[in-house]
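Working notes, structure below.
The values are calculated or read from the model by the stated rules, or taken from the named source; none is laboratory data. If you're wondering where the values come from, they're calculated on a predicted model, not measured in any experiment. When we count neighbours, we look across all protein chains shown, and the Cβ atoms used for this are built from the backbone with ideal geometry, even at glycine. Heads up: the accessible areas ignore ligands, DNA and RNA and are worked out on the full protein's heavy atoms, side chains in. Shrake-Rupley method; radii C 1.70, N 1.55, O 1.52, S 1.80 Å.
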Amino acid sequence: MERNLKNVLVISFGFLLLFTAYGGLQSLQSSLHSEEGLGVASLSVLYAALILSSMFLPPILIKKLGCKWTIAGSMCCYIAFSLGNFYASWYTLIPTSVILGLGGAPLWSAKCTYLTIAGNSYAEKAGKNGKDIINQYFGVFFLIFQSSGIWGNLISSLIFSQASNKVEISEENLACCGAYDCMTDTTNITGSAETSNSLIYTLLGIYTASGVLAVLLIVIFLDQIKSDQAETEKEILETPSFWSTFLATFQHLKDKRQCLLIPLTMYSGFEQGFLSGDYTKTYVTCALGIHYVGYVMICFSAVNSLCSLLFGRISEFTGTKLLFALATVTNAACIIALLLWKPHPKQLAVFFVFPALWGLSDAIWQTQTNGLYGILFEKHKEAAFANYRLWESLGFVIAYAYSTKLQVYIKLYILLSVLVLSMVTYGAVEYLEAKSSPETPTATKKENVGPLTQETHM
């Protein structure tokens with residue numbers, strides 16, 4: 001096997017093992033640690049730490065440690081989060097969430113840098129176009145990596161389904177599920193309260209082992225970047241200082257279009273935060289039990305992956321506006337239906353319809369918003385995508401922060417309001433673009449923003 005391809009596969013399977021654990025844990029946080037909102041608070045802190053990490057840590061760590069050891073060290077931050085879940089409290093889960101958040105940005109940056117260097121190296125030897133090889137490598141990576149959401153959630157559901165003390169949910173308790181939840185711990189009746197500590201520890205043990213295997217895979221099998229690639233590495237890592245990056249990010253807000261895209265970018269964080277933080281707890285865990293959370297999130301992950309591939313391909317024919325309209329209608333219909341629906345175990349199929357439709361919408365928000373940034377801000381991509389990460393992460397932070405303070409119906413109204421505002425401001429961007437040029441770039445230009453569109457899922 002060609003050596004560079006071997007390294008791509010090592011990184012891909014390392015990330016698969018790592019995010020099998022993290023993805024499963026993220027889906028369960030609001031259900032496993034519902035007391036005083038510890039689970040969603042940890043996720044809010046995690047994304048806040050990620051914002052800080054994105055601004056200055058990646059270039060520093062990659063320059064000092066190199067790509068291989070930055071990847072390995074950052075993966076250890078994810079293992080710390082798994083360990084923090086063994087004895088979950090404010091004194092263990094919050095610090096490990098900060099550690100994971102700080103490790104998240106260097107992990108993804110080092111992976112991107114490594115694959116880019118490997119692609120350019122092979123292209124130079126084979127006399128091929130560097131961009132083509134890099135895209136092939138990223139394609140292999142995401143083909144393998146995207147299935148992590150399926151495996152992590154499948155493991156949790158299979159383990160929790162072994163619980164022998166499942167309880168019959170009374171109609172009185174079911175009345176506290178859904179949009180008009182009781183804001184009490186009644187969800188624990190079908191949540192972690194019915195799940196024995198031994199099953200939770202078994203799951204966490206598997207997740208921790210998966211993370212350790214990921215680190216060992218990287219340490220043992222991933223090659224260091226060769227010395228003769230130093231020039232390539234230097235070019236990629238010639239990153240501006242923290243303050244210049246920080247200033248460039250906020251100076252970019254002078255562009256009206258960037259300001260108008262803030263609601264749309266934050267909505268991406270809001271809607272993902274609602275699904276993983278509120279839908280899983282108040283609808284699925286409350287009415288069905290925690291062992292169904294994994295199956296529901298598998299449905300979301302599978303539809304999301306397939307639709308991401310589909311919409312990425314057809315967007316050049318349909319245009320961005322039509323796809324955004326589809327996502328808006330689908331998401332709005334789901335939000336209104338969730339406001340009206342009273343979840344009941346007899347309606348099992350309905351619990352899977354919502355994440356499937358949510359996955360379809362999220363695929364559009366991820367692929368098309370990233371593509372929109374690449375097209376509109378072609379000359380200032382670094383500052384533009386720094387803004388993208390900043391505002392989406394802020395959306396996550398806010399969504400998780402108010403998760404335990406408000407009833408679900410209020411959160412759904414907030415979600416619908418932000419969605420409407422997003423489409424109004426996006427329409428203003430399209431109007432400005434149409435006014436400034438005879439063609440609308442978002443519908444007619446095609447920009448290769450690469451396969452990095454899924455990285456916002458952490």
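Please state which one of TRP391, TRP365 is in contact with a helix residue (DSSP H, G or I) (Cβ under 6 Å, 6 or more places away or on another chain), within 21 Å of GLY23 (Cβ to Cβ) and aromatic (Phe, Trp, Tyr).
Every option except TRP365 fails the conditions.
May I ask you to say which residue of SER12, SER82, SER30 is open to solvent by less than 10 Å² (accessible area, probe 1.4 Å), at pLDDT below 85 and in contact with a Phe, Trp or Tyr (Cβ under 9 Å, 6 or more places away or on another chain)?
Answer to the check: SER30.
If I filter the range 349-362 for residues that are closer than 15 Å to MET266 by Cβ, in a helix (DSSP H, G or I) and within 15 Å of the chain's Cα centre (by Cα), do I get at least one hit?
Residues of the range 349-362 closer than 15 Å to MET266 by Cβ: 362.
Cutting the leftovers down to in a helix (DSSP H, G or I) gives us 362.
Restricting the remaining residues to those that are within 15 Å of the chain's Cα centre (by Cα) gives 362.
Within the range 349-362, one or more residues are closer than 15 Å to MET266 by Cβ, in a helix (DSSP H, G or I) and within 15 Å of the chain's Cα centre (by Cα).
If you check VAL429 against the conditions, is it open to solvent by 40 Å² or more (accessible area, probe 1.4 Å) and of a type in the set (Val, Ile, Thr)?
no
Please give the number of the condition ALA386 fails out of (1) open to solvent by 10 Å² or more (accessible area, probe 1.4 Å); (2) touching a helix residue (DSSP H, G or I) at 6+ places or on another chain (Cβ under 6 Å); (3) at pLDDT 90 or above; (4) hydrophobic (A, V, I, L, M, F, W, C).
Evaluating ALA386 over (1) open to solvent by 10 Å² or more (accessible area, probe 1.4 Å); (2) touching a helix residue (DSSP H, G or I) at 6+ places or on another chain (Cβ under 6 Å); (3) at pLDDT 90 or above; (4) hydrophobic (A, V, I, L, M, F, W, C) leaves (3) as the failure.
Matching residues to (1) closer than 23 Å to LEU222 by Cα; (2) of a type outside the set (A, V, I, L, M):
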| position | (1), (2) |
| --- | --- |
| GLY23 | no, yes |
| LEU46 | no, no |
| LYS68 | yes, yes |
| ALA72 | yes, no |
| TYR87 | no, yes |
| GLY101 | no, yes |
| CYS112 | yes, yes |
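Applying the selection to the range 30-80, what residues are in contact with a Gly (Cβ under 6 Å, 6 or more places away or on another chain), among the β-branched types (Val, Ile, Thr) and more than 30 Å from HIS291 (Cβ to Cβ)?
Within the range 30-80, no residue meets the criteria.
Quick check on the range 104-125. Is at least one of its residues over 30 Å from SER198 (Cβ atoms) and surrounded by fewer than 18 Cβ atoms within 10 Å (Cβ to Cβ)?
Checked against the condition, which is being over 30 Å from SER198 (Cβ atoms) and surrounded by fewer than 18 Cβ atoms within 10 Å (Cβ to Cβ), the range 104-125 yields at least one hit.
Looking at GLY130, is it open to solvent by less than 40 Å² (accessible area, probe 1.4 Å), touching a Leu at 6+ places or on another chain (Cβ under 6 Å) and on the phi < 0 side of the Ramachandran plot?
So GLY130 fails the test.
Can you list the helices (runs of 4 or more DSSP H) found entirely within the range 223-289 that contain at least 3 residues being within 26 Å of the chain's Cα centre (by Cα) and at pLDDT 80 or above?
It comes to 256-274.
Among the residues of the range 72-95 satisfying the criterion of being hydroxyl-bearing (Ser, Thr, Tyr) and touching a residue at least 40 places away in the same chain (Cβ under 8 Å), which is nearest to PHE19 (Cα to Cα)?
The selected residue is TYR78.
Which one of these does VAL98 not meet: (1) over 30 Å from ILE290 (Cβ atoms); (2) open to solvent by 10 Å² or more (accessible area, probe 1.4 Å); (3) of a type in the set (A, V, I, L, M)?
Result: VAL98 passes all but (1).
Among the residues of the range 401-412, which ones are in a helix (DSSP H, G or I), touching a residue at least 24 places away in the same chain (Cβ under 8 Å), under 15 Å from LEU339 (Cα atoms) and open to solvent by 50 Å² or more (accessible area, probe 1.4 Å)?
Hit for the range 401-412 is TYR409, nothing else.
Within the set of pairs 6 or more residues apart or between chains, which connect a residue that is closer than 20 Å to SER436 by Cα inside the range 358-381 to a residue that is at pLDDT below 80 and of a type in the set (Asp, Glu) with Cβ atoms less than 7 Å apart?
GLY371/GLU447; GLY374/GLU447; ILE375/GLU447; GLU378/GLU447
Return the pair list, or none, for Cβ contacts closer than 9 Å from residues in the range 301-329 that are over 25 Å from SER27 (Cβ atoms) and open to solvent by 50 Å² or more (accessible area, probe 1.4 Å) to residues that are at pLDDT 85 or above and of a type in the set (Phe, Trp, Tyr), at least 6 apart or on different chains.
LYS321/TYR426
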